[in-house]
Amino acid sequence: MHSTFDSSLYSSRRKKLADLLGPNGVAVIPTANEQPRNRDSDYLFRHDSYFYYLTGFTEPNALLVLFANGESTLFCQPKDLEREIWDGYRLGPDSVPKTLGITRGCSIQDMEHELPLLLENKNSLWYPFSIHKGLSQRIEGWLRSVQAKVRTGVAAPQQLRDVCGLLDEMRLIKDPAEILLMKKAAEISAQGHIRAMQFCSSSIKQNIDLREYHLDAELLYEFRRQGSEYPAYASIVASGSNACVLHYRADKAPIRNGDLVLIDAGCEFASYAGDITRTFPANGKFSKAQRALYDVVLESQYAAVSATRPGALFTDPHNAALRVLAKGLLDLGILRTDEHGSVDDVIEHKHYFPYYMHRTSHWLGMDVHDCGAYTEPGKNESGKAVSSRVLKQGMALTIEPGLYIRPAPHIPPEFHNIGIRIEDDAIVTNESCELISRSVPVDPAEIERLMS
């Protein structure tokens with residue numbers, strides 16, 4: 001649990017979910033499993049986001065049971081002084097009510113016996129579908145135990161429902177506590193980018209051998225130095241042509257004087273993710289071609305930011321960015337009017353797609369690609385989703401247009417192997433949006449000053 005733990009925050013979320021379970025409903029929500037890395041060693045444990053959202057509990061081997069009347073039971077590891085010497089402190093079932101505000105604590109060792117009893121005479125059972133390997137089989141086993149008592153007058157739940165749909169809608173709107181944590185994650189992430197950018201230009205000027213993994217190390221150092229638990233995802237540090245690979249990982253490639261460097265990296269702070277991308281000249285000075293392409297991407301991001309406001313559709317920022325990118329591709333001669341037509345033609349026929357193949361935004365929160373549907377709830381008569389999601393105050397999303405120019409005979413050679421992406425984290429406000437990651441600049445002149 002984080003040092004600023006507030007049990008009332010999680011209690012209110014459980015109450016909200018309980019009210020959605022329907023009469024006599026029950027929800028079963030486990031945390032993540034520990035994952036072996038190799039012999040006698042596990043990957044660093046990270047709790048399940050749905051589970052944490054409702055409990056604030058970070059230990060492994062735990063499961064929450066929530067009832068429609070608001071009561072709850074947490075199965076967790078029992079106190080074991082010998083194991084705690086090896087693996088660290090355990091809260092233990094007896095401390096659950098006082099510490100977490102959960103009605104009852106039980107040992108995880110008693111779960112197979114106790115959990116079927118908690119499902120008896122319930123109308124519906126909610127649990128996360130298709131997330132936890134083996135959970136569906138365990139659910140079936142617990143239900144069989146309940147059904148075996150049918151002759152004694154015990155009834156088993158008749159409906160199985162996916163609890164993720166309910167939780168996705170709850171998590172889509174960030175509460176004030178979440179927004180504060182996201183701002184902290186964004187600030188630490190921004191400081192990591194600044195450190196990497198300045199280290200890069202300093203190393204180039206001193207003619208020091210510089211590799212992508214050196215910048216990855218600078219990012220990680222700053223994240224941990226400022227209290228982040230770990231990176232929110234595997235950092236992308238891509239120099240030169242590597243920036244045209246969307247999911248490139250920091251590797252051994254040298255960073256050369258004259259290269260552009262694309263860094264897509266963010267920290268996780270108190271379970272919330274930052275997600276920032278900056279593209280900058282390794283030596284601290286954009287070339288003419290780099291600056292021309294960068295200006296197009298930056299202008300497209302400004303257009304997308306202006307379109308991000310309550311009442312707009314989730315697709316509006318993407319469409320706004322796309323018009324600017326399409327025009328820029330035509331203006332720079334990467335696309336040609338005589339062959340590809342007008343901006344409208346470029347968009348309609350997706351002529352831009354070889355150079356911009358991803359969307360401009362995704363939800364952001366506890367997961368870097370956070371949960372939540374991108375279409376409005378409900379379906380029309382044909383069964384299709386009604387429309388793109390309408391943005392509302394408290395939603396959090398990235399805004400990240402880009403251009404990726406691989407060599408081709410018809411493309412001016414000065415643009416070959418240039419990849420540029422600019423990404424910021426945005427919170428929808430009551431009138432527009434707030435960019436929470438702009439501590440690291442995007443203006444090219446400011447970038448050059450920062451790196452000087």
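Being loosely packed, with under 15 Cβ neighbours inside 10 Å and more than 31 Å from the chain's Cα centre (by Cα) is the filter here; which residues of segment 121-135 pass it?
Residue satisfying the conditions is Asn121 alone.
Of the residues Ser271, Ser287, Ser239, Ser300, which single one is of a type in the set (S, T, N, Q) and surrounded by fewer than 21 Cβ atoms within 10 Å (Cβ to Cβ)?
Every option except Ser287 fails the conditions.
Residue under question is Asn33, and the condition is that it be under 22 Å from Val163 (Cβ atoms) and over 22 Å from the mean Cα position of the chain (by Cα); does it hold?
Judged against the criteria, Asn33 is not a match.
Residues that are within 23 Å of Tyr356 (Cβ to Cβ): which strands (runs of 3 or more DSSP E) entirely in segment 220-274 hold 1 or more of them?
Of the strands (runs of 3 or more DSSP E) lying wholly inside segment 220-274, those with at least 1 residues that are within 23 Å of Tyr356 (Cβ to Cβ) span 236-239, 260-265.
Which residue pairs have Cβ atoms under 6 Å apart, sit 6 or more places apart or on different chains, and have a first residue in segment 369-384 that is within 30 Å of Asp264 (Cβ to Cβ) and a second that is at pLDDT below 65 and in a strand (DSSP E or B)?
Close Cβ pairs (under 6 Å, with a partner that is at pLDDT below 65 and in a strand (DSSP E or B)) amount to Thr375/Ala385.
Pick from segment 150-165 the residues that are among the aliphatic types (A, V, I, L, M) and surrounded by 18 or more Cβ atoms within 10 Å (Cβ to Cβ): which of them is farthest from Cys267 (Cα to Cα)?
Restricting to residues being among the aliphatic types (A, V, I, L, M) and surrounded by 18 or more Cβ atoms within 10 Å (Cβ to Cβ), the top hit is Ala156.
What is the one condition in (1) more than 22 Å from Cys200 (Cβ to Cβ); (2) in contact with a His (Cβ under 8 Å, 6 or more places away or on another chain); (3) touching a residue at least 60 places away in the same chain (Cβ under 8 Å); (4) not aromatic (Phe, Trp, Tyr) that Pro407 does not satisfy?
(3)
Within segment 362-380, can one find any residue that is of a type in the set (Lys, Arg), surrounded by fewer than 23 Cβ atoms within 10 Å (Cβ to Cβ) and assigned to a loop (DSSP other than H, G, I, E, B)?
No, segment 362-380 contains no residue that is of a type in the set (Lys, Arg), surrounded by fewer than 23 Cβ atoms within 10 Å (Cβ to Cβ) and assigned to a loop (DSSP other than H, G, I, E, B).
Scanning segment 163-218 for residues that are free of Cβ contacts under 8 Å to residues at least 40 places away in the same chain and not in a helix (DSSP H, G or I), which turns out nearest to the chain's Cα centre (by Cα)?
Here the answer is Ile208.
Check segment 42-53 and report whether any residue there is within 19 Å of Pro97 (Cα to Cα), touching a residue at least 60 places away in the same chain (Cβ under 8 Å), among the hydrophobic types (A, V, I, L, M, F, W, C) and out of contact with any Asp or Glu (no Cβ under 6 Å at 6 or more places or on another chain).
no
Yes/no matrix, rows are residues, columns are (1) out of contact with any Asp or Glu (no Cβ under 9 Å at 6 or more places or on another chain); (2) among the charged types (D, E, K, R); (3) modelled with pLDDT under 95; (4) within 18 Å of Leu66 (Cα to Cα):
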position	(1), (2), (3), (4)
Asn121	yes, no, no, yes
Leu125	yes, no, no, yes
Ser130	no, no, yes, no
Lys133	yes, yes, yes, no
Ile139	yes, no, no, yes
Arg161	yes, yes, no, yes
Leu166	yes, no, no, yes
Met170	yes, no, no, yes
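So, in segment 388-445, how many residues would count as being within 20 Å of Cys371 (Cα to Cα), touching a Phe, Trp or Tyr at 6+ places or on another chain (Cβ under 9 Å) and in a loop (DSSP other than H, G, I, E, B)?
3
If Glu431 passes every condition in (1) touching a helix residue (DSSP H, G or I) at 6+ places or on another chain (Cβ under 8 Å); (2) surrounded by fewer than 16 Cβ atoms within 10 Å (Cβ to Cβ); (3) of a type outside the set (S, T, N, Q) but one, which one does it miss?
Against the list (1) touching a helix residue (DSSP H, G or I) at 6+ places or on another chain (Cβ under 8 Å); (2) surrounded by fewer than 16 Cβ atoms within 10 Å (Cβ to Cβ); (3) of a type outside the set (S, T, N, Q), Glu431 comes up short only on (1).
Of everything in segment 57-104 that's of a type in the set (Phe, Trp, Tyr) and surrounded by fewer than 17 Cβ atoms within 10 Å (Cβ to Cβ), which residue is farthest from Asp42 (Cα to Cα)?
The extreme case among them is Tyr89.
Please verify whether segment 100-110 includes one or more residues that are touching a strand residue (DSSP E or B) at 6+ places or on another chain (Cβ under 9 Å), closer than 21 Å to Val163 by Cα, of a type in the set (S, T, N, Q) and outside any helix (DSSP H, G or I).
Yes, because at least one residue in segment 100-110 is touching a strand residue (DSSP E or B) at 6+ places or on another chain (Cβ under 9 Å), closer than 21 Å to Val163 by Cα, of a type in the set (S, T, N, Q) and outside any helix (DSSP H, G or I).
The values are calculated or read from the model by the stated rules, or taken from the named source; none is laboratory data. Just so we're clear, the structure is a prediction, and the values are computed from it rather than from any experiment. A quick note on method: Cβ atoms are made from the backbone with ideal geometry, for glycine too, and the neighbour counts reach across all protein chains shown.
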